[in-house]
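The structure appears right after this line, and notes come after that.
Derivation of every value follows stated rules applied to the coordinates shown; laboratory data play no part. Everything numeric here is computed off the predicted structure, so don't read it as measured data. Neighbour counts run over all protein chains shown; Cβ positions are idealised from the backbone, glycine included.
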Amino acid sequence: MSNNAFQTRLECINGRSYKFYEITLEQSGTADDYKVFTCYGRIGTSGAASCKFEHLTLAQAEHERDKLVREKERKGYQLIRSGATPAPSSAVAPVAPAAPARPRLDVDLQLAAPSALDLDTLIEGRTYLMQEKHDGVRALLSGVSGVAILRNKRGRLLDVPAGVAAFAEAALTGNGETILDAELVGDRLFIFDLLMLNGEDMRGEGFRRRYATLEGLVLPHAEHVTLSPAFSFPTSKRANHDALLAAGAEGVVFKCGSAPYTGGRSAGDGDCLKVKFVESATVRVKAPHATKRSVAIEMLDGESWVDVGNVAIPVNRSIPAAGALCECVYLYAYRGGSLYQPVYKGERDDVSEADCGIGQLKFKAEARLAA
């Protein structure tokens, strides 16, 4: 008879540690008789396994597991995954499979620059492919042996949505690391570039070739994640640009089809350019309003914080506290004044106060007013 088993994995990685700790709850023949196994060691090894508790109900086993998780988190471990796993034989303590090498995820991200080129030139020419600029959290997905790790652009671990975990289990099964550049919008991951495939660095390839490989990897698993379409023909670029503009999308990104993936921000006439339909800015909350669902916002001008108006907080969002960093979209800004028609998009934990500089604003005389 097959047994039910549930496994939790934690990892501790810093200058001194490179360790994992796994907790497995295994059903032992009867409906309410569970064992708790642990396995721990250096990441990349099979570790040392032992049986820690026997003859527990499921609730008792979960209680002991949660105590172990809290204990390890106090010691600097981070929860990587938790869920059902194929059960080992009840006759022997499980030995964890060799853990995949910790993904590097030290990639220098490619950042799109505001385009200095005419929009018609980008659309009508064959040099650049066009993708939607998604309104979410920039994320790198790393997969090894079916295990997904997701981080934002500052390297902070993100929760892995169920769909992303399922995609990794189905598609990222090689022993070598695969790294995908993506945007997380809610729980949906929009994948737009391929940096590494099963241990092979793809960044030196042109974008057209990287994207063609990415199609073969992602499209068979469209129920779990979304491949961000890359349009290359002028007619398709024009039609989709106009459709995205009409739908209120954030904007589009143009990538040179023959260019490698180069870290850092592109030049204004370089290989990775963005055209935004509305402007956006990272701001700091100065203070919530005493009686209304709005907050005063400010930005950094040199070493001083200056007021840039107020923004309403939608009823389905929590009101951010003073000092929180947030993203707002707006039509344009007045010099020495406020943002015009700001719209609150949400808090951000992937930026710092240095990203709130007033130099990011587009002022009325300079702004391209959205249609």
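Between residue 340 and residue 159, the modelled label-to-label distance comes to 3.9 nm, taking each label 7 Å out from Cα in the direction of the beta carbon. With respect to the chain, whose longest principal axis is taken over its alpha-carbon atoms, helix 207-218 is tilted by about 40°. Relative contact order for the chain: 12 percent, from Cα pairs under 8 Å spaced at least 6 residues apart, divided by residue count. How charged is the neighbourhood of residue 35? Take every other residue with its Cβ under 9 Å from the Cβ of residue 35, and add Lys/Arg as +1 and Asp/Glu as -1. Every neighbour counted, the sum reads -2.
Rounded if a/c is under 1.5, else prolate if a/b is larger than b/c, else oblate: which is segment 238-299, with a ≥ b ≥ c the root eigenvalues of its Cα gyration tensor? Taking the square roots of the gyration eigenvalues as a ≥ b ≥ c, segment 238-299 is oblate. The angle separating the long axis of helix 234-246 from the principal Cα axis of greatest extent in the chain is about 90 degrees.
Sorting 275-281, 60-66, 28-34, 300-306 by average packing, meaning the other beta carbons within 10 Å per residue, from highest down gives 275-281, 60-66, 28-34, 300-306. Distance between the modelled labels on residue 312 and residue 45, one decimal in nanometres: 6.0 nm (7 Å Cα→Cβ projection).
For residue 194, the shell of other residues with beta-carbons less than 14 Å away shows a net charge of -2, using +1 for Lys and Arg and -1 for Asp and Glu. Charge dipole of segment 227-371 (Cα centre as origin; +1 on each Lys and Arg Cβ, -1 on each Asp and Glu Cβ, all else neutral): 500 debye, rounded to the nearest 20.
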